[in-house]
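K.L.:
Structure below; questions to follow.
The values are calculated or read from the model by the stated rules, or taken from the named source; none is laboratory data. Only a predicted model underlies this, so the values are computations on that prediction, with no experimental measurement involved. Neighbour counts are summed over all protein chains in view; Cβ atoms, including those assigned to glycine, are modelled from backbone coordinates with ideal geometry.
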Amino acid sequence: MAGDGQVSLGQTVIKANARKVRRIGPKSEVLAGFAGATADAFTLLERLEAKLERFPGQLERACVELAKDWRTDRYLRRLEAMMAVADGERSFTLTGNGDVLEPSGGVIGIGSGGNYALAAARALMEIPHLTAEEIARRAMAIAAEICVYTNHNVIVETIGGAG
């Protein structure tokens, strides 16, 4: 999972080296990335981590439970963020509309440059010798060239690796 480091407020870059991708869960076995309002995303990351502690090894269940809370809780409903989460088996996109989406091919793109990175990653997956990390890094570089809200300060975390 890869994320750029840019945090923008309107047309102003507030921070260029934010860490939008991190390991969560009781054994740090889940990767989570976020886009949108930073404080909102941190709140959702904490909530997801609590769900993972309650439902260890059940990423889908934890995501569904968070999505239910996000959609029905008056406080959470106002949060403006999106999340991408993955373990060694599956990946999901979570939204404030109550969506828990498992993408075709396991590739997710969220945030301002998400669609650019997603398109690039899908194309790069056709190149057989590229690793998942190489695909993620190249896709993020392409997105950063196109989207003014995406930068080249990329953080990559891998399942089963130090990232």
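K.L.:
Kindly list, by first and then second residue, each pair from a residue in segment 127-141 that is touching a residue at least 12 places away in the same chain (Cβ under 8 Å) and closer than 13 Å to Gly114 by Cα to a residue that is surrounded by 13 or more Cβ atoms within 10 Å (Cβ to Cβ) and of a type in the set (Lys, Arg), limited to pairs with Cβ atoms under 9 Å and residues at least 6 apart or on different chains.
P.N.:
As it stands, the answer is Ala139/Arg122, since those pairs meet every condition given.
K.L.:
Which of the residues spanning segment 52-108 are polar (S, T, N, Q) and either surrounded by fewer than 13 Cβ atoms within 10 Å (Cβ to Cβ) or over 13 Å from the mean Cα position of the chain (by Cα) (or both)?
P.N.:
Gln58, Thr72, Asn97, Ser104
K.L.:
Taking segment 20-49 as the search range and keeping residues that are over 11 Å from the mean Cα position of the chain (by Cα) and part of a loop (DSSP other than H, G, I, E, B), which one is modelled with the highest pLDDT?
P.N.:
Result: Glu29.
K.L.:
Give me a count of the residues in segment 91-105 that are in a loop (DSSP other than H, G, I, E, B) and among the polar types (S, T, N, Q).
P.N.:
Number satisfying all stated conditions: 2.
K.L.:
Consider segment 106-163. How many of its residues are basic (Lys, Arg) and in a strand (DSSP E or B)?
P.N.:
The number of residues fulfilling the criteria is 0.
K.L.:
Which of the residues that make up segment 1-30 are farther than 18 Å from Ala143 by Cβ and of a type in the set (A, V, I, L, M)?
P.N.:
Scanning segment 1-30 gives Leu9, Ile14, Ile24, Val30.
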